[in-house]
Amino acid sequence: DVKVTQSSRYLVKRTGEKVFLECVQDMDHENMFWYRQDPGLGLRLIYFSYDVKMKEKGDIPEGYSVSREKKERFSLILESASTNQTSMYLCASRLQGTDTQYFGPGTRLTVL
Amino acid sequence: DQQVKQNSPSLSVQEGRISILNCDYTNSMFDYFLWYKKYPAEGPTFLISISSIKDKNEDGRFTVFLNKSAKHLSLHIVPSQPGDSAVYFCAASGSNFGNEKLTFGTGTRLTIIP
């Protein structure tokens, strides 16, 4: 079974803090994704990575950056957290050449 | 512009009856569609998918129907069970060969009434 883990289930940060969200997958998947889920808006893609050291902007990249130094790990960085970044953050991975993405349990981030 | 739409934010169905969740899309380049199920405080899990070369795909109690001319797909769950209570997202892709991002709908919260 594919396992995608995220470093924290719940996180509370203050406005202006730098925030790191970590995601690790154990199935040697090339592709990894970061989404945020908000009520009434569904899942929106922030950034994705086709392979190590590669990154592509998704639909809502503003205020975020990512890092993919190792194949199994994909980090989402909020450079200066703001209250409108309070959300559920979901990481996913996918085997290259397939469509099914496997999701982690999510991190609920609250920015005060 | 929402390219994948789930117009019903919520749906309540009696246990044992059929649940029908609907999804519409606007981009004619989409050719692969997936349904995900999400419980609170968990990540979405893959449920069932369909390629545009088919109009129906079945897996146990779950069937997905695709109407390409109407740009509409639906997920049928029969019989509905209490454990089916969750949020369901449909998603679309422009290729069934991977390397394409998924576009998700806004979700429908299904509640099964015992």
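The values are calculated or read from the model by the stated rules, or taken from the named source; none is laboratory data. Since the structure is predicted, the reported quantities are computational estimates derived from the model, not experimental observations. Positions of Cβ are backbone-derived with ideal geometry, glycine not excepted, and every protein chain shown enters the neighbour counts.
List of remarks:
- When A:Arg73 is tested against (1) crowded, with 21+ Cβ neighbours inside 10 Å; (2) modelled with pLDDT of 95 or more, only condition (1) is not met.
- Meets criteria (farther than 27 Å from B:Trp35 by Cα and polar (S, T, N, Q)) for A:Ser82: yes
- Of the candidates A:Val111, A:Val24, A:Val19, the single residue that is over 25 Å from B:Gly105 (Cα atoms), crowded, with 18+ Cβ neighbours inside 10 Å, touching a helix residue (DSSP H, G or I) at 6+ places or on another chain (Cβ under 7 Å) and β-branched (Val, Ile, Thr) is A:Val111.
- Checking A:Glu56, A:Glu72 one by one, the residue that is farther than 22 Å from B:Lys5 by Cα, among the acidic types (Asp, Glu) and within 12 Å of another protein chain (Cβ to nearest Cβ) is A:Glu56 and no other.
- On the stretch given as the stretch B:12-37, residues that are assigned to a strand (DSSP E or B) and closer than 16 Å to B:Pro82 by Cβ total 5.
- Any chance B:Leu75 is modelled with pLDDT of 95 or more, among the hydrophobic types (A, V, I, L, M, F, W, C), crowded, with 18+ Cβ neighbours inside 10 Å and touching a strand residue (DSSP E or B) at 6+ places or on another chain (Cβ under 7 Å): yes
Every residue, every condition in (1) within 11 Å of chain B (Cβ to nearest Cβ); (2) of a type in the set (Gly, Ala, Ser); (3) over 17 Å from A:Leu109 (Cα atoms), yes or no:
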position	(1), (2), (3)
A:Val4	yes, no, yes
A:Met32	no, no, yes
A:Gly40	yes, yes, yes
A:Leu45	yes, no, no
A:Pro61	no, no, no
A:Glu79	no, no, no
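- When the stretch B:6-59 is filtered for residues that are under 30 Å from A:Ser8 (Cα atoms), loosely packed, with under 12 Cβ neighbours inside 10 Å and modelled with pLDDT under 95, the ones remaining, listed by number, are B:Pro40, B:Ala41.
- Top-ranked residue of the stretch A:81-112 - restricted to ones that are within 14 Å of chain B (Cβ to nearest Cβ) and among the hydrophobic types (A, V, I, L, M, F, W, C), ranked as farthest from A:Arg44 (Cα to Cα): A:Leu95
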